[in-house]
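Trainee: The following block contains the structure, expressed as structure tokens.
The values are calculated or read from the model by the stated rules, or taken from the named source; none is laboratory data. Treat the numbers as computed from the prediction; the structure is a model and nothing was measured. Cβ coordinates were reconstructed from backbone atoms using ideal geometry, including for glycine residues, and neighbour counts include every protein chain displayed. Side chains are part of the model used for accessible areas, which takes the heavy atoms of the whole protein and leaves out ligands, DNA and RNA. Shrake-Rupley method; radii C 1.70, N 1.55, O 1.52, S 1.80 Å.
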Amino acid sequence: MTKDRGLLIVFSGPSGVGKGTVRAKIFEGKNDFSYSVSMTTRAQRPGEVDGKDYFFRTREQFEEKIRAGLMLEYAEYVGNYYGTPLEYVNETLDAGKDVFLEIEVQGALQVKEKVPDAVFVFLAPPDLRELRDRLTRRGTDSAEAIEGRLVKAREEISLMKDYDYVVVNDEVEKAAELVKKIIAAEHTRVERVVEKYREIFEKEEVTLL
Ligand code: 5GP
């Protein structure tokens, strides 16, 4: 990562853990990072706005983007494609601004391969019973689908070892605050700031670092 590039923040976690709710809370207040709007082939839900919640596209359009190499990552999730358009991410990072992705775990693993110095934050459920309750309360899935999602969630939770941070979603507000603190702390990491100082020292012909 060059010294003035923004930070890529990958916020992920198992299905139904509340990623969307925590993300909305993070973006409610003032912050210094931009949300990358994902592309999807799933149907638009009532109240969702094209270009704000997602870029809603057909499978053909999505596959064309994949073929053209225009997606940073993508995954097929419950029969639909979801992915991160590359251009916005690159342009925003190049402009020195942080970019925040909220994506499922397969996509996060792809980003890890391509951008290893991104910051990976895993949102975990307090326990699986809580996750089951949440999926049931959401009321969008059949009992069978909920069991399927729980099996998947167990597999997904085992992937947390590949992340940098784990935030437990026991309270939305607390989880959102913690994510913001993680991002702030990441900006203070030595390897992210050392380049700036190296440059200053070079200008002054001092070789300290
Ligand atoms: P939903 O259909 O409920 O909006 O999202 C379903 C899942 O897709 C969520 O876990 C969400 O985090 C994930 N998702 C949203 N956008 C992306 C994306 O760009 N890439 C990947 N890999 N997953 C995404």
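Trainee: If you take all C-alpha pairs in the chain, what percent of them are over 21 Å apart?
Mentor: 58
Trainee: Once you've got the GNM for the chain with C-alpha springs shorter than 10 Å, pick whichever of VAL78, VAL17, VAL111 has the biggest mean-square fluctuation.
Mentor: In this elastic network of the chain, the residue with the biggest mean-square fluctuation among VAL78, VAL17, VAL111 is VAL78.
Trainee: Ratio of alpha-carbon Rg to the 2.2 N^0.38 Å globular estimate for the range 76-197, to two decimals, please.
Mentor: The value comes to 1.23.
Trainee: How high is the relative contact order of the range 13-66, given as a whole-number percent (alpha carbon pairs under 8 Å, six or more residues apart)?
Mentor: Relative CO of the range 13-66 lands at 28 percent.
Trainee: Can you bin every Cα-Cα distance in the range 58-102 into 5 Å intervals starting at zero and give me the percent of pairs per bin, rounded to whole numbers?
Mentor: 5, 21, 28, 20, 15, 9, 3, 0
Trainee: Can you list residues from other chains, or at least 5 along the same chain, whose modelled amide H is less than 5 Å from the amide H of VAL166?
Mentor: HN-HN under 5 Å from VAL166: PHE122.
Trainee: Compute the accessible area per residue over the chain, keeping the other protein chains in place, probe 1.4 Å, unit Å².
Mentor: 56
Trainee: Hey, got a sec? Which GluC sites (Glu not before Pro) in the range 120-209 land in a DSSP loop and have at most 15 other Cβ atoms within 10 Å?
Mentor: GLU171, GLU204, GLU205
Trainee: Next up: Near PHE56, within a Cβ-to-Cβ distance under 9 Å, what is the net charge of the other residues, with Lys and Arg +1 and Asp and Glu -1?
Mentor: Charge balance near PHE56 sits at -1.
Trainee: Quantify how much of the Cα-Cα distance distribution of the range 1-43 extends past 14 Å, in percent.
Mentor: Here the tail beyond 14 Å accounts for 63 percent of pairs.
Trainee: For MET71, list long-range residues whose amide hydrogen, built 1.01 Å from N in the peptide plane, is under 5 Å from its own amide hydrogen.
Mentor: LEU86
Trainee: Let me ask something additional. If you average the alpha carbon positions of the range 11-29 and of the range 102-154, how far apart do those two centres end up, in angstrom?
Mentor: Cα centroid to Cα centroid, the span is 11 Å.
Trainee: On to the next question. With contacts defined as alpha carbon pairs under 8 Å and 6 or more residues apart, what's the relative contact order of the chain in percent?
Mentor: Once normalised by length, the contact order is 30 percent.
Trainee: What do you get for the angle between helix 143-157 and the principal long axis of the chain? Use alpha-carbon atoms, 0 to 90 degrees, nearest ten.
Mentor: With both axes taken from Cα atoms, the answer is about 20 degrees.
Trainee: If the range 45-145 were replaced by its equivalent ellipsoid, with semi-axes equal to the square roots of 5 times the Cα gyration tensor eigenvalues, what would those be, largest first, whole Å?
Mentor: 27, 19, 14
Trainee: Name the residue farthest towards the positive end of the dipole of the range 1-134 from the options VAL99, LEU131, GLY51, assuming +1 on Cβ of Lys and Arg, -1 on Cβ of Asp and Glu, about the Cα centre.
Mentor: LEU131
Trainee: How much of the accessible area of the range 1-133, probe 1.4 Å, is carbon plus sulfur, in whole percent?
Mentor: 49
Trainee: How high is the relative contact order of the range 1-105, given as a whole-number percent (alpha carbon pairs under 8 Å, six or more residues apart)?
Mentor: It rounds to 46 percent for the range 1-105.
Trainee: Cα atoms only, the range 35-80: Rg and Dmax in Å?
Mentor: Answer for the range 35-80, Rg first and Dmax second: 10.6, 31 Å.
Trainee: Can you tally the net charge around LYS97? Count Lys and Arg as +1, Asp and Glu as -1, for every other residue whose Cβ sits under 12 Å from the Cβ of LYS97.
Mentor: Around LYS97, the charge tally is -4.
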